[in-house]
1. Can you say whether LYS61 is at negative phi and modelled with pLDDT under 95, as far as the supplied structure shows?
2. Return the pair list, or none, for Cβ contacts closer than 8 Å from residues in the range 71-82 that are farther than 20 Å from SER55 by Cβ to residues that are modelled with pLDDT of 95 or more and surrounded by 14 or more Cβ atoms within 10 Å (Cβ to Cβ), at least 6 apart or on different chains.
Amino acid sequence: MADSKKSFAADIENPALGFISSAIPQERQPEPQRSIAAHRNEAKSKRLQLLIRPSLYRALKQRADEEGNSVNDLINQLLENATKKE
């Protein structure tokens with residue numbers, strides 16, 4: 001018998017390649033402009049971790065409580081108003 005070992009490396013495709021997306025960047029289409037009403041019906045699925053000063057959080061919490069909202073809803077309203085184009 002020969003002492004040489006057969007190499008199977010060339011015969012097997014790497015299974016990880018099926019999970020890796022192409023390295024070629026795909027062009028992203030800009031999102032169409034929507035009205036504020038459409039944004040209210042949009043599901044909130046993006047998460048953002050935001051670091052703020054404790055004093056600013058207390059002020060936001062107080063205002064949200066006064067308006068009967070959560071801090072999250074208040075921040076969403078403030079951001080919508082800040083990014084609104086007139």
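1. Working: at negative phi: yes; modelled with pLDDT under 95: no.
Criteria not met by LYS61.
2. Within 8 Å, the pairs are ASP73/ALA64.
Table: residues versus (1) modelled with pLDDT of 95 or more; (2) within 18 Å of the chain's Cα centre (by Cα); (3) surrounded by 10 or more Cβ atoms within 10 Å (Cβ to Cβ).
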{"position": "PRO30", "(1), (2), (3)": "no, yes, no"}
{"position": "ILE36", "(1), (2), (3)": "no, no, no"}
{"position": "SER45", "(1), (2), (3)": "no, yes, no"}
{"position": "LEU48", "(1), (2), (3)": "no, yes, no"}
{"position": "ASP65", "(1), (2), (3)": "yes, no, yes"}
{"position": "LEU79", "(1), (2), (3)": "no, yes, yes"}
{"position": "GLU86", "(1), (2), (3)": "no, no, no"}
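The values are calculated or read from the model by the stated rules, or taken from the named source; none is laboratory data. Just so we're clear, the structure is a prediction, and the values are computed from it rather than from any experiment. Methodologically, a virtual Cβ is constructed for each residue, glycine included, from the backbone with ideal geometry; neighbour enumeration extends over all protein chains shown.
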